[in-house]
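This report concerns only the one structure given below.
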Amino acid sequence: MSADSLQKEIQDIKGDIQSLHLEIDVLDKEYLALLAQVKDLEESSRQTDKPYNPQETHGFSKANYDIDEPRVMKNNCFDESIRKYFTNVLDAVEEDGTELVTKRQKLDNIASDFKAKSEKILEMKQNILYENIFRFGGITAFPLNPFLFEENDEIIGLRFDIFSHYGSKFITPHYVILRKMKYTDKSQETTMKWEVYRHTLPVYIPISEYSECLQEDEEIAFAKFTSNIRGHLIQVQYKHDKFDSLQNIKYDHISKSGPTKSKAIVEKLEKDLQCQRVNIILLNRFLNSKKASQINLVCSNDEIKEASCIIAGVDPDDKTIIQCESLLKNCDFKDLIRTFKTVTGHLMKSEKL
C-alpha cells in the first residue's frame, strides 16, 4: 500500500470519528431534555398528590384501553416441534369425533360425570345405611336375581339377623327363599301357596313344622313363619351366650385364696351347634391332678335336663358331687351363671376342685 492511499484512509477514519462525536452530542442533548421532563413530571406529581397517569400525559383517553380486562396474550408463533411446550394446557384443542373440544371442556365434562357418579354412589350408600338400620329389627327382605327363576314365578327372600350379646356383634345371618307353588287341598282345589325353596338355616330348626304356617292366610302366614324361626334362633343364641359367659368366671370371683385365684375356672368349653350337649372342662385349683375335672350337661331349649359332675379323684357318689348335680339339673338358663358359681364354690370348700 502506498503512502498516499494510507494517508487518505486515515483522513476518512478521522472524518467518521468526527461524525460520531456530532451524533453523540445530539443524543446527549435529547437525553438531558428527557431527564429534565421526567424531573418536572415527578415534581408535579408530588405537588398535586395525584398518581401519574400515562394515558392523560400522552393524550390518550381511558376509553381506548381495557385495563380491567386485558386481552389474553397467546403465543402462536412457535415452531410446531416446540409449540406444545408453550401452549396453555387447558386451552389445547383436541379432536373428539367431528368436533373440536378444548381440554378445559373435557375437564368440565369429566367433572360433570364425576358429580353424577358421586351422587349415585352417595344414594347407594344411603340405601345401604337404611337397609342396615332396618336389619336391627332382625327380619328383613332382600332382592333376588329374577333371571334364576321362571318369568311368572313369585319369589321373596327373607334374612334373619341374630345378635350375640357375649360377642357384642351380629353373627352370620341366615337366609330363606320362598317361592309360590301350586297347592292342592283335600277338596282337590288348587291354590298358590308359599313354600320354602332354599334356605341356610341350621339343621336343628324344624323348617317343615314352621312351613305349615305358610298354608294359612297370607296376611298372617309370613308373620307366624318368620317369628317362629327367629324365636328359635334367638333361643339357641341365648344359650350360647350364657355358656360362653362361664369362661369369664375366675377363681377369685368365688374365693380370694388359692394359687390360681386369678385363673379362669373353665379351662375348655365344648358344645354342639344347638347347645344341646355341653362339656365344661374345669381347671384344677391346685394344679396337681393328672385327670381333668368336668361337668357334662344335656340341655333343652329352656333349661338343663341332665347334669353329671366328674371330679378328678372323687367318688361319683360323694355327697358334694350329688349336691352339685342336683343344683345344675333343671336349672333355668337365666340362672346359669349364679348356679355355676354356687356349684364351684361347694367344690372349692370341700377341696374337691
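The values are calculated or read from the model by the stated rules, or taken from the named source; none is laboratory data. Because the structure is a prediction, the values reported are computed rather than measured. For neighbour counting, all protein chains shown are included, and Cβ atoms are generated from backbone atoms with ideal geometry for every residue, glycine included. Just the protein is used for accessible areas: all its heavy atoms, side chains included, with ligands, DNA and RNA removed. Shrake-Rupley method; radii C 1.70, N 1.55, O 1.52, S 1.80 Å.
Here are some notes:
- So Ile205, is it β-branched (Val, Ile, Thr) and either part of a loop (DSSP other than H, G, I, E, B) or touching a Leu at 6+ places or on another chain (Cβ under 7 Å) (or both): yes
- Among the residues of the range 160-182, those identified as in a strand (DSSP E or B), among the charged types (D, E, K, R) and within 23 Å of Phe142 (Cα to Cα) are Lys169, Arg179, Lys180.
- For the range 239-256, the condition holds for no residue, the condition being that it is within 27 Å of Phe149 (Cβ to Cβ) and either open to solvent by less than 60 Å² (accessible area, probe 1.4 Å) or modelled with pLDDT under 90 (or both).
- Of the residues making up the range 183-194, not a single one is surrounded by 12 or more Cβ atoms within 10 Å (Cβ to Cβ), assigned to a loop (DSSP other than H, G, I, E, B) and either modelled with pLDDT under 85 or not acidic (Asp, Glu) (or both).
- The C-beta contact set for the range 116-143 (first residue without any contact (Cβ under 8 Å) to a residue 60 or more places away in the chain, second residue open to solvent by less than 80 Å² (accessible area, probe 1.4 Å) and assigned to a helix (DSSP H, G or I), distance under 9 angstrom, 6+ apart or interchain) comprises Thr140/Glu131; Phe142/Glu131.
- Options Ser211, Ser227; residue that is part of a helix (DSSP H, G or I) and open to solvent by less than 40 Å² (accessible area, probe 1.4 Å): Ser211
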